[in-house]
Amino acid sequence: MAVRFLKLSSAAVLGSSGLYLYSRQLDINDHSVIRFGRAAATTAVISYDYLTAFKHVEYGTEEYWRLKSKVHLRSAERLRDLCCANRGTFIKVGQHLGALDYLLPEEYTSTLKVLHSQAPQSSMEEIQQVIREDLGKELSELFVSFEEKPQGAASLAQVHKAVLHDGRTVAIKVQHPKVQRQSAKDIAVIEVLLKMVHRLFPDFAFMWLVEEAKKNMPLELDFLNEGQNAERVSKMLVHFPFLKVPVIHWDLSTKRILTMEFIEGGQVNDRDYMKEHHINVNEISENLGKMYSEMIFVHGFVHCDPHPGNVLVRKGQGNKAEIVLLDHGLYQTLHPDFRLNYIRLWQALIRGDMLGVERFSRALGAGDLYPLFACVLTARSWTAVNAGISSVPVTHSEDVEIRTNAALYLPQISALLNQVPRQMLLLLKTNDLLRGIETTLETRASSSSFLNMSRCCVRAMARHKRSKARSRSRLLQIHLLEAVSLGKLSMYQLFLWIKSSMVGLWCTALMGLLH
(Lines give C-alpha, C1' and ligand atoms only; values in the text may rest on other atoms or scores of the structure.)
Protein backbone atom coordinates (compact mmCIF):
# COMPACT_ATOMS: atom_id res chain seq x y z
CA MET A 1 0.00 0.00 0.00
CA ALA A 2 2.77 2.42 0.96
CA VAL A 3 4.71 1.60 -2.23
CA ARG A 4 1.63 2.19 -4.41
CA PHE A 5 0.96 5.49 -2.65
CA LEU A 6 4.54 6.61 -3.32
CA LYS A 7 4.28 5.80 -7.03
CA LEU A 8 0.97 7.61 -7.47
CA SER A 9 1.96 10.70 -5.45
CA SER A 10 5.28 10.95 -7.30
CA ALA A 11 3.60 10.71 -10.72
CA ALA A 12 0.97 13.28 -9.76
CA VAL A 13 3.52 15.77 -8.48
CA LEU A 14 5.75 15.41 -11.53
CA GLY A 15 2.83 15.61 -13.96
CA SER A 16 1.29 18.71 -12.42
CA SER A 17 4.71 20.35 -12.15
CA GLY A 18 5.41 19.73 -15.82
CA LEU A 19 2.03 21.09 -16.99
CA TYR A 20 2.38 24.18 -14.83
CA LEU A 21 5.85 24.88 -16.17
CA TYR A 22 4.74 24.42 -19.80
CA SER A 23 1.78 26.76 -19.41
CA ARG A 24 3.73 29.52 -17.65
CA GLN A 25 7.10 29.25 -19.51
CA LEU A 26 9.10 29.66 -16.27
CA ASP A 27 12.76 29.04 -15.43
CA ILE A 28 12.94 25.40 -14.38
CA ASN A 29 15.37 25.98 -11.49
CA ASP A 30 13.65 28.95 -9.92
CA HIS A 31 9.99 28.14 -9.47
CA SER A 32 8.74 26.55 -6.25
CA VAL A 33 6.53 24.03 -8.06
CA ILE A 34 9.48 22.58 -9.96
CA ARG A 35 11.77 22.61 -6.93
CA PHE A 36 9.10 20.82 -4.89
CA GLY A 37 8.42 18.34 -7.70
CA ARG A 38 12.11 17.47 -8.00
CA ALA A 39 12.45 17.06 -4.22
CA ALA A 40 9.27 14.97 -3.95
CA ALA A 41 10.33 12.70 -6.80
CA THR A 42 13.76 12.12 -5.27
CA THR A 43 12.21 11.40 -1.86
CA ALA A 44 9.78 8.94 -3.44
CA VAL A 45 12.53 7.08 -5.33
CA ILE A 46 14.75 6.81 -2.24
CA SER A 47 11.84 5.66 -0.05
CA TYR A 48 10.75 3.07 -2.64
CA ASP A 49 14.32 1.75 -2.81
CA TYR A 50 14.49 1.23 0.97
CA LEU A 51 11.00 -0.34 1.05
CA THR A 52 11.67 -2.92 -1.67
CA ALA A 53 15.44 -3.62 -1.74
CA PHE A 54 15.53 -6.03 1.22
CA LYS A 55 12.41 -8.11 0.53
CA HIS A 56 14.29 -11.25 -0.52
CA VAL A 57 17.35 -10.91 1.72
CA GLU A 58 17.58 -12.32 5.22
CA TYR A 59 18.26 -9.66 7.87
CA GLY A 60 21.73 -9.73 9.44
CA THR A 61 23.43 -11.82 6.75
CA GLU A 62 26.56 -10.71 4.95
CA GLU A 63 24.49 -10.23 1.77
CA TYR A 64 22.05 -8.00 3.71
CA TRP A 65 24.78 -5.62 4.96
CA ARG A 66 26.43 -5.52 1.53
CA LEU A 67 23.11 -4.64 -0.11
CA LYS A 68 22.31 -2.07 2.59
CA SER A 69 25.61 -0.31 1.90
CA LYS A 70 24.73 -0.16 -1.81
CA VAL A 71 21.27 1.26 -1.06
CA HIS A 72 22.81 3.86 1.29
CA LEU A 73 25.29 4.87 -1.41
CA ARG A 74 22.84 5.26 -4.30
CA SER A 75 20.37 7.07 -2.02
CA ALA A 76 23.12 9.45 -0.89
CA GLU A 77 24.05 10.11 -4.53
CA ARG A 78 20.41 10.89 -5.39
CA LEU A 79 20.22 13.23 -2.41
CA ARG A 80 23.47 14.94 -3.47
CA ASP A 81 22.15 15.41 -7.03
CA LEU A 82 18.92 16.91 -5.64
CA CYS A 83 20.90 19.39 -3.53
CA CYS A 84 23.03 20.40 -6.54
CA ALA A 85 19.91 20.86 -8.72
CA ASN A 86 17.86 22.86 -6.19
CA ARG A 87 20.88 24.71 -4.78
CA GLY A 88 20.64 27.30 -1.97
CA THR A 89 19.00 25.95 1.17
CA PHE A 90 19.12 22.37 -0.11
CA ILE A 91 22.92 22.53 -0.41
CA LYS A 92 23.14 24.06 3.07
CA VAL A 93 21.09 21.21 4.57
CA GLY A 94 23.12 18.66 2.58
CA GLN A 95 26.36 20.16 3.91
CA HIS A 96 25.00 19.88 7.46
CA LEU A 97 24.20 16.19 6.92
CA GLY A 98 27.63 15.61 5.38
CA ALA A 99 29.22 16.95 8.56
CA LEU A 100 27.46 14.45 10.82
CA ASP A 101 30.27 11.90 10.94
CA TYR A 102 29.55 9.07 13.39
CA LEU A 103 25.85 10.03 13.34
CA LEU A 104 25.00 8.94 9.79
CA PRO A 105 26.21 5.99 7.71
CA GLU A 106 29.58 6.64 6.06
CA GLU A 107 28.04 6.33 2.58
CA TYR A 108 25.98 9.47 3.27
CA THR A 109 28.65 11.61 4.92
CA SER A 110 31.37 10.87 2.35
CA THR A 111 28.99 11.50 -0.58
CA LEU A 112 27.48 14.70 0.81
CA LYS A 113 30.83 16.18 1.85
CA VAL A 114 31.50 17.10 -1.80
CA LEU A 115 28.73 19.73 -1.53
CA HIS A 116 31.26 22.01 0.17
CA SER A 117 33.11 22.23 -3.16
CA GLN A 118 30.18 21.91 -5.58
CA ALA A 119 28.14 24.98 -4.69
CA PRO A 120 26.54 26.88 -7.64
CA GLN A 121 27.86 30.16 -9.03
CA SER A 122 25.88 33.26 -9.88
CA SER A 123 26.63 34.98 -13.18
CA MET A 124 28.60 38.22 -13.31
CA GLU A 125 25.43 40.04 -14.37
CA GLU A 126 23.64 38.81 -11.24
CA ILE A 127 26.56 39.85 -9.01
CA GLN A 128 26.64 43.33 -10.56
CA GLN A 129 22.89 43.66 -10.08
CA VAL A 130 23.10 42.85 -6.33
CA ILE A 131 25.97 45.35 -5.88
CA ARG A 132 24.10 48.00 -7.86
CA GLU A 133 20.90 47.50 -5.82
CA ASP A 134 22.59 47.42 -2.40
CA LEU A 135 25.48 49.89 -2.77
CA GLY A 136 23.91 52.18 -5.40
CA LYS A 137 27.03 52.31 -7.60
CA GLU A 138 28.64 50.49 -10.51
CA LEU A 139 31.70 48.27 -10.02
CA SER A 140 34.00 50.81 -11.70
CA GLU A 141 32.96 53.48 -9.19
CA LEU A 142 33.73 51.24 -6.20
CA PHE A 143 36.81 49.28 -7.29
CA VAL A 144 39.96 49.71 -9.37
CA SER A 145 39.68 46.05 -10.32
CA PHE A 146 37.18 43.25 -9.68
CA GLU A 147 37.97 39.63 -10.55
CA GLU A 148 35.03 38.04 -12.36
CA LYS A 149 36.06 34.49 -11.44
CA PRO A 150 35.04 33.93 -7.79
CA GLN A 151 37.61 32.87 -5.21
CA GLY A 152 35.02 30.44 -3.91
CA ALA A 153 31.30 29.73 -4.14
CA ALA A 154 29.16 28.52 -1.24
CA SER A 155 25.51 27.54 -0.90
CA LEU A 156 24.36 31.08 -0.05
CA ALA A 157 26.98 33.36 -1.59
CA GLN A 158 30.23 33.63 -3.51
CA VAL A 159 33.42 35.60 -2.88
CA HIS A 160 35.28 37.82 -5.37
CA LYS A 161 38.68 39.49 -5.03
CA ALA A 162 38.81 43.25 -5.70
CA VAL A 163 41.07 46.28 -5.22
CA LEU A 164 39.76 49.53 -3.72
CA HIS A 165 40.71 52.98 -5.05
CA ASP A 166 43.06 53.45 -2.06
CA GLY A 167 45.00 50.31 -3.08
CA ARG A 168 43.71 47.89 -0.43
CA THR A 169 42.81 44.38 -1.59
CA VAL A 170 39.45 43.14 -0.34
CA ALA A 171 37.21 40.09 -0.52
CA ILE A 172 33.59 40.79 -1.54
CA LYS A 173 31.05 38.22 -0.37
CA VAL A 174 27.90 38.59 -2.48
CA GLN A 175 24.70 36.67 -1.77
CA HIS A 176 23.14 34.65 -4.59
CA PRO A 177 20.22 36.86 -5.68
CA LYS A 178 17.47 34.19 -5.46
CA VAL A 179 18.42 32.59 -2.12
CA GLN A 180 16.63 35.14 0.06
CA ARG A 181 13.36 34.63 -1.80
CA GLN A 182 13.56 30.84 -2.00
CA SER A 183 14.87 29.88 1.45
CA ALA A 184 11.59 29.97 3.43
CA LYS A 185 9.76 27.98 0.73
CA ASP A 186 12.59 25.45 0.51
CA ILE A 187 12.54 24.86 4.26
CA ALA A 188 8.76 24.33 4.10
CA VAL A 189 9.26 21.76 1.31
CA ILE A 190 11.93 19.90 3.28
CA GLU A 191 9.67 19.88 6.35
CA VAL A 192 6.72 18.38 4.43
CA LEU A 193 8.89 15.68 2.82
CA LEU A 194 10.58 14.73 6.09
CA LYS A 195 7.15 14.31 7.72
CA MET A 196 6.09 12.01 4.87
CA VAL A 197 9.25 9.93 5.23
CA HIS A 198 8.75 9.72 8.99
CA ARG A 199 5.26 8.26 8.42
CA LEU A 200 6.71 5.53 6.21
CA PHE A 201 9.78 4.96 8.39
CA PRO A 202 8.93 5.78 12.04
CA ASP A 203 12.58 5.25 13.06
CA PHE A 204 13.62 8.12 10.76
CA ALA A 205 13.19 11.22 12.93
CA PHE A 206 15.14 14.16 11.56
CA MET A 207 12.72 17.01 12.25
CA TRP A 208 15.41 18.65 14.38
CA LEU A 209 17.17 19.44 11.10
CA VAL A 210 14.23 21.54 9.90
CA GLU A 211 13.94 23.32 13.25
CA GLU A 212 17.63 24.28 13.08
CA ALA A 213 17.28 25.49 9.48
CA LYS A 214 14.25 27.64 10.39
CA LYS A 215 16.16 29.28 13.22
CA ASN A 216 19.58 29.68 11.62
CA MET A 217 18.90 30.44 7.95
CA PRO A 218 17.64 34.04 8.51
CA LEU A 219 20.78 34.75 10.57
CA GLU A 220 23.08 33.31 7.91
CA LEU A 221 21.37 35.38 5.21
CA ASP A 222 22.06 38.62 7.13
CA PHE A 223 25.66 39.54 6.32
CA LEU A 224 25.61 42.50 8.73
CA ASN A 225 25.05 39.95 11.50
CA GLU A 226 28.02 37.98 10.15
CA GLY A 227 30.25 41.07 10.26
CA GLN A 228 29.24 41.76 13.86
CA ASN A 229 30.04 38.15 14.82
CA ALA A 230 33.47 38.46 13.18
CA GLU A 231 34.32 41.58 15.17
CA ARG A 232 33.02 40.08 18.42
CA VAL A 233 35.09 36.89 18.16
CA SER A 234 38.16 38.87 17.10
CA LYS A 235 37.97 40.95 20.30
CA MET A 236 37.04 37.94 22.43
CA LEU A 237 40.10 35.93 21.34
CA VAL A 238 42.52 38.84 20.90
CA HIS A 239 44.95 37.13 23.34
CA PHE A 240 45.60 34.38 20.76
CA PRO A 241 48.36 35.75 18.50
CA PHE A 242 47.90 32.83 16.09
CA LEU A 243 44.28 33.77 15.23
CA LYS A 244 43.46 36.10 12.34
CA VAL A 245 39.93 37.32 11.57
CA PRO A 246 39.48 39.53 8.45
CA VAL A 247 38.73 43.21 9.12
CA ILE A 248 35.24 44.28 7.96
CA HIS A 249 34.72 47.30 5.66
CA TRP A 250 31.36 48.52 6.92
CA ASP A 251 30.98 51.29 4.32
CA LEU A 252 30.80 48.59 1.62
CA SER A 253 28.65 46.08 3.49
CA THR A 254 24.89 45.44 3.54
CA LYS A 255 22.60 42.52 4.40
CA ARG A 256 23.54 40.87 1.08
CA ILE A 257 27.13 42.12 0.67
CA LEU A 258 30.06 41.74 3.07
CA THR A 259 33.35 43.44 2.20
CA MET A 260 36.38 42.39 4.22
CA GLU A 261 40.15 42.24 4.26
CA PHE A 262 41.49 39.75 1.69
CA ILE A 263 43.61 36.99 3.26
CA GLU A 264 45.18 34.08 1.40
CA GLY A 265 46.09 30.69 2.85
CA GLY A 266 45.73 26.94 2.52
CA GLN A 267 42.83 24.93 3.89
CA VAL A 268 43.40 23.60 7.39
CA ASN A 269 43.22 19.98 6.20
CA ASP A 270 45.77 20.47 3.37
CA ARG A 271 48.85 18.64 4.68
CA ASP A 272 50.75 19.24 1.43
CA TYR A 273 50.29 23.03 1.73
CA MET A 274 51.54 22.93 5.33
CA LYS A 275 54.55 20.83 4.37
CA GLU A 276 55.41 23.18 1.48
CA HIS A 277 55.17 26.26 3.74
CA HIS A 278 56.90 24.63 6.75
CA ILE A 279 53.81 24.85 8.97
CA ASN A 280 53.77 22.47 11.95
CA VAL A 281 50.66 20.26 11.70
CA ASN A 282 50.63 19.46 15.44
CA GLU A 283 50.87 23.15 16.34
CA ILE A 284 47.92 24.01 14.07
CA SER A 285 45.81 21.19 15.52
CA GLU A 286 46.65 22.22 19.08
CA ASN A 287 45.87 25.90 18.42
CA LEU A 288 42.58 24.98 16.77
CA GLY A 289 41.66 23.01 19.90
CA LYS A 290 42.66 25.92 22.16
CA MET A 291 40.55 28.34 20.13
CA TYR A 292 37.38 26.24 20.14
CA SER A 293 37.75 25.16 23.77
CA GLU A 294 37.96 28.84 24.71
CA MET A 295 34.85 29.66 22.66
CA ILE A 296 32.78 26.78 24.03
CA PHE A 297 33.78 26.47 27.67
CA VAL A 298 34.93 29.97 28.66
CA HIS A 299 32.81 32.35 26.57
CA GLY A 300 29.87 30.24 25.36
CA PHE A 301 29.97 31.95 21.94
CA VAL A 302 30.85 29.36 19.31
CA HIS A 303 31.69 29.48 15.60
CA CYS A 304 29.59 26.55 14.33
CA ASP A 305 30.79 26.06 10.75
CA PRO A 306 34.48 25.10 10.93
CA HIS A 307 34.57 23.06 7.70
CA PRO A 308 38.01 23.22 6.02
CA GLY A 309 36.96 25.91 3.52
CA ASN A 310 36.26 28.29 6.43
CA VAL A 311 39.52 27.65 8.32
CA LEU A 312 42.75 28.61 6.55
CA VAL A 313 46.39 28.42 7.64
CA ARG A 314 49.28 30.64 6.55
CA LYS A 315 52.63 32.06 7.61
CA GLY A 316 52.00 35.44 9.20
CA GLN A 317 54.16 38.14 10.79
CA GLY A 318 57.51 36.93 12.09
CA ASN A 319 57.10 33.79 9.97
CA LYS A 320 54.71 32.37 12.60
CA ALA A 321 51.84 30.06 11.64
CA GLU A 322 48.39 31.64 11.79
CA ILE A 323 44.84 30.28 11.65
CA VAL A 324 42.44 32.41 9.58
CA LEU A 325 38.79 32.03 10.61
CA LEU A 326 36.23 32.83 7.89
CA ASP A 327 32.44 32.73 7.45
CA HIS A 328 31.01 34.01 10.72
CA GLY A 329 27.34 33.70 9.81
CA LEU A 330 26.55 30.77 12.09
CA TYR A 331 27.30 31.19 15.82
CA GLN A 332 25.77 29.60 18.87
CA THR A 333 25.37 31.48 22.16
CA LEU A 334 25.24 28.88 24.93
CA HIS A 335 22.87 29.32 27.87
CA PRO A 336 24.91 29.60 31.13
CA ASP A 337 23.30 26.53 32.76
CA PHE A 338 23.76 24.48 29.59
CA ARG A 339 27.41 25.55 29.34
CA LEU A 340 28.15 24.63 32.97
CA ASN A 341 26.61 21.17 32.59
CA TYR A 342 28.52 20.70 29.33
CA ILE A 343 31.78 21.64 31.11
CA ARG A 344 31.09 19.20 33.96
CA LEU A 345 30.22 16.44 31.48
CA TRP A 346 33.52 16.83 29.60
CA GLN A 347 35.46 16.86 32.86
CA ALA A 348 33.75 13.58 33.81
CA LEU A 349 34.46 12.10 30.35
CA ILE A 350 38.15 13.01 30.51
CA ARG A 351 38.51 11.52 34.03
CA GLY A 352 36.37 8.43 33.38
CA ASP A 353 33.93 9.47 36.13
CA MET A 354 30.93 7.35 35.08
CA LEU A 355 28.59 8.70 37.77
CA GLY A 356 29.36 12.21 36.51
CA VAL A 357 28.90 11.12 32.88
CA GLU A 358 25.41 9.80 33.68
CA ARG A 359 24.43 12.74 35.88
CA PHE A 360 25.43 15.52 33.47
CA SER A 361 24.29 13.67 30.34
CA ARG A 362 20.85 13.44 31.91
CA ALA A 363 21.05 17.13 32.85
CA LEU A 364 21.66 17.86 29.14
CA GLY A 365 18.52 15.99 28.11
CA ALA A 366 19.93 12.58 27.11
CA GLY A 367 17.77 10.67 29.60
CA ASP A 368 18.24 6.88 29.54
CA LEU A 369 20.21 7.23 26.29
CA TYR A 370 23.15 8.74 28.18
CA PRO A 371 25.60 5.92 27.18
CA LEU A 372 24.82 6.55 23.50
CA PHE A 373 25.05 10.31 24.08
CA ALA A 374 28.56 9.96 25.58
CA CYS A 375 29.67 7.87 22.59
CA VAL A 376 28.14 10.30 20.05
CA LEU A 377 29.67 13.34 21.76
CA THR A 378 33.19 11.90 21.94
CA ALA A 379 33.08 9.58 18.89
CA ARG A 380 34.56 6.93 21.20
CA SER A 381 33.43 3.43 22.14
CA TRP A 382 31.67 2.77 25.45
CA THR A 383 34.78 0.87 26.56
CA ALA A 384 36.95 3.97 25.98
CA VAL A 385 34.40 6.19 27.75
CA ASN A 386 34.45 3.89 30.80
CA ALA A 387 38.25 4.01 30.92
CA GLY A 388 38.44 7.79 30.51
CA ILE A 389 38.87 9.12 26.98
CA SER A 390 42.13 10.94 27.77
CA SER A 391 43.85 7.73 28.84
CA VAL A 392 42.86 5.45 25.92
CA PRO A 393 44.30 6.24 22.45
CA VAL A 394 42.05 6.15 19.39
CA THR A 395 42.57 3.09 17.18
CA HIS A 396 41.44 2.27 13.65
CA SER A 397 39.38 -0.68 14.93
CA GLU A 398 37.55 1.65 17.35
CA ASP A 399 36.75 4.05 14.50
CA VAL A 400 35.35 1.16 12.45
CA GLU A 401 33.29 0.05 15.46
CA ILE A 402 31.85 3.56 15.92
CA ARG A 403 30.87 3.84 12.23
CA THR A 404 29.26 0.38 12.26
CA ASN A 405 27.28 1.20 15.40
CA ALA A 406 26.13 4.50 13.87
CA ALA A 407 24.33 2.50 11.17
CA LEU A 408 22.94 -0.05 13.64
CA TYR A 409 21.67 2.50 16.17
CA LEU A 410 20.27 5.11 13.75
CA PRO A 411 16.74 5.00 15.32
CA GLN A 412 18.18 5.57 18.81
CA ILE A 413 20.47 8.33 17.51
CA SER A 414 17.49 10.02 15.83
CA ALA A 415 15.51 9.79 19.10
CA LEU A 416 18.46 11.25 21.03
CA LEU A 417 18.89 14.18 18.63
CA ASN A 418 15.19 14.96 18.91
CA GLN A 419 15.24 15.12 22.72
CA VAL A 420 18.50 17.00 23.53
CA PRO A 421 18.41 20.82 23.70
CA ARG A 422 18.61 22.54 20.32
CA GLN A 423 21.94 24.12 21.36
CA MET A 424 23.49 20.66 21.46
CA LEU A 425 22.87 20.03 17.75
CA LEU A 426 25.20 22.74 16.48
CA LEU A 427 27.82 21.73 19.05
CA LEU A 428 27.66 18.15 17.75
CA LYS A 429 28.10 19.46 14.21
CA THR A 430 31.07 21.58 15.34
CA ASN A 431 32.61 18.61 17.15
CA ASP A 432 32.30 16.42 14.06
CA LEU A 433 33.85 19.02 11.75
CA LEU A 434 36.78 19.53 14.12
CA ARG A 435 37.22 15.77 14.50
CA GLY A 436 37.26 15.43 10.73
CA ILE A 437 40.09 17.98 10.51
CA GLU A 438 42.05 16.20 13.25
CA THR A 439 41.58 12.85 11.50
CA THR A 440 42.93 14.28 8.23
CA LEU A 441 45.88 15.86 10.04
CA GLU A 442 46.40 12.59 11.96
CA THR A 443 46.36 14.43 15.31
CA ARG A 444 43.01 13.19 16.64
CA ALA A 445 42.63 12.69 20.39
CA SER A 446 46.17 13.77 21.23
CA SER A 447 46.99 14.38 24.90
CA SER A 448 47.50 18.11 24.25
CA SER A 449 43.91 18.53 23.00
CA PHE A 450 42.51 17.09 26.25
CA LEU A 451 44.90 19.21 28.33
CA ASN A 452 43.78 22.40 26.55
CA MET A 453 40.16 21.39 27.02
CA SER A 454 40.79 20.70 30.74
CA ARG A 455 42.45 24.11 31.20
CA CYS A 456 39.46 25.88 29.68
CA CYS A 457 37.07 23.87 31.85
CA VAL A 458 39.04 24.80 35.01
CA ARG A 459 39.11 28.50 34.06
CA ALA A 460 35.42 28.54 33.15
CA MET A 461 34.37 26.89 36.42
CA ALA A 462 36.58 29.28 38.41
CA ARG A 463 35.04 32.26 36.62
CA HIS A 464 31.54 30.95 37.43
CA LYS A 465 32.42 30.43 41.12
CA ARG A 466 33.94 33.94 41.36
CA SER A 467 30.68 35.42 40.06
CA LYS A 468 28.86 33.71 42.95
CA ALA A 469 31.45 34.47 45.67
CA ARG A 470 30.34 36.81 48.48
CA SER A 471 33.57 37.30 50.42
CA ARG A 472 37.24 38.05 49.80
CA SER A 473 38.32 34.84 51.51
CA ARG A 474 36.13 32.82 49.15
CA LEU A 475 37.55 34.68 46.14
CA LEU A 476 41.09 33.97 47.35
CA GLN A 477 40.25 30.30 47.86
CA ILE A 478 38.86 30.07 44.28
CA HIS A 479 41.99 31.78 42.84
CA LEU A 480 44.27 29.38 44.73
CA LEU A 481 42.33 26.27 43.66
CA GLU A 482 42.36 27.47 40.05
CA ALA A 483 46.12 28.11 40.18
CA VAL A 484 46.78 24.67 41.72
CA SER A 485 44.62 22.89 39.12
CA LEU A 486 46.25 24.73 36.22
CA GLY A 487 49.68 24.07 37.75
CA LYS A 488 48.97 20.32 37.89
CA LEU A 489 47.97 20.33 34.23
CA SER A 490 51.17 22.20 33.30
CA MET A 491 53.29 19.71 35.26
CA TYR A 492 51.54 16.82 33.54
CA GLN A 493 52.14 18.43 30.14
CA LEU A 494 55.83 18.86 31.03
CA PHE A 495 55.97 15.19 32.02
CA LEU A 496 54.46 14.15 28.68
CA TRP A 497 56.92 16.37 26.79
CA ILE A 498 59.93 14.92 28.64
CA LYS A 499 58.59 11.41 28.13
CA SER A 500 58.28 11.93 24.37
CA SER A 501 61.60 13.82 23.99
CA MET A 502 64.97 12.27 23.22
CA VAL A 503 65.92 12.49 26.91
CA GLY A 504 62.78 10.59 27.89
CA LEU A 505 63.32 7.92 25.25
CA TRP A 506 66.98 7.55 26.31
CA CYS A 507 65.99 7.16 29.99
CA THR A 508 63.31 4.59 29.11
CA ALA A 509 65.81 2.58 27.05
CA LEU A 510 68.43 2.77 29.84
CA MET A 511 65.95 1.56 32.46
CA GLY A 512 65.02 -1.31 30.16
CA LEU A 513 68.68 -2.33 29.84
CA LEU A 514 69.24 -2.12 33.61
CA HIS A 515 66.15 -4.22 34.23
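The values are calculated or read from the model by the stated rules, or taken from the named source; none is laboratory data. The structure presented is a predicted model; accordingly, all values stated were derived computationally and were not measured. Note that we place each Cβ from the backbone using ideal geometry, even for glycine, and neighbour counts take in every protein chain shown. Side chains included, ligands, DNA and RNA excluded: accessible areas come from the protein's heavy atoms. Shrake-Rupley method; radii C 1.70, N 1.55, O 1.52, S 1.80 Å.
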Fully extended contour minus Cα-Cα distance, from residue 391 to residue 467, at 0.36 nm per residue: 24.1 nm
Sort out for me the Cα centre separation of the stretch 128-191 from the stretch 209-260, rounded to whole Å. 15
Partners for residue 275 among lysines (Cα-Cα distance below 24 Å; same-chain residues under 8 apart left out): 244, 290, 315, 320
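Please compute the per residue accessible area over the chain with all protein chains in place, 1.4 Å probe, rounded to a whole number of Å².
Numbers: 25210 Å² over 515 residues.
Result: 49 Å² of accessible area for each residue.
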Two pseudo-spin positions, 7 Å from Cα along C-beta at residue 141 and at residue 45, lie apart in nanometres by 4.7
So how far apart, in nm, are the two label points at residue 239 and residue 200 if each is 7 Å from Cα heading toward Cβ? 5.4
From phi via Karplus (6.51, -1.76, 1.60), per-residue ³J(HN,Hα) for the stretch 415-422 in Hz, x at Gly/Pro: 4, 4, 5, 7, 10, 6, x, 4
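Using only helices, what value at 222 nm comes out for the chain when you add -39,500 (n - 2.57) per DSSP H run of length 4 or more and divide by the total residues, to the nearest 500 deg cm²/dmol? Kindly include the intermediate steps, with their values, before the conclusion.
On the way: 22 runs with 319 residues, N = 515.
Value at 222 nm, helices only, nearest 500: -20000 deg cm²/dmol.
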Considering the Cα trace of the stretch 349-414, what is its radius of gyration and what is Dmax, both in angstroms? 11.6, 32
Please give the peptides 41-49, 283-291, 125-133 ranked by average Cβ packing (other Cβ atoms within 10 Å per residue), highest first, as a rough proxy for protection. 283-291, 41-49, 125-133
Taking a quarter of the surface of the convex hull around the Cα atoms of the chain, what do you get in nm²? 30.6
Computed over the Cα atoms of the stretch 118-199, what is the convex hull's projected area averaged over all directions, in nm²? 6.4
Under Karplus coefficients 6.51, -1.76 and 1.60, residue-wise ³J(HN,Hα) of the stretch 40-49 in Hz, glycine/proline x: 5, 5, 4, 4, 5, 5, 5, 5, 4, 4
What are the ³J(HN,Hα) couplings of the stretch 292-301, residue after residue, when phi is run through the Karplus curve with 6.51, -1.76, 1.60 and θ = phi - 60°? Round to Hz, x for glycine and proline. 6, 4, 4, 4, 6, 7, 8, 9, x, 10
With N set to the residue count of the stretch 388-485, report its C-alpha Rg divided by 2.2 N^0.38 Å to two decimal places. 1.48
Which of 149/173; 235/429; 185/215 have a Cα-Cα distance over 18 Å? 235/429
What translational diffusion coefficient, to the nearest whole µm²/s, does the stretch 323-372 have by Stokes-Einstein, given a Kirkwood radius computed over alpha-carbon pairs, a temperature of 25 °C and 0.890 mPa s viscosity? 200
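Share of the chain's accessible area from carbon and sulfur, percent, 1.4 Å?
57
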Relative contact order (%) - criterion: Cα under 8 Å, at least six apart; region: the chain: 12
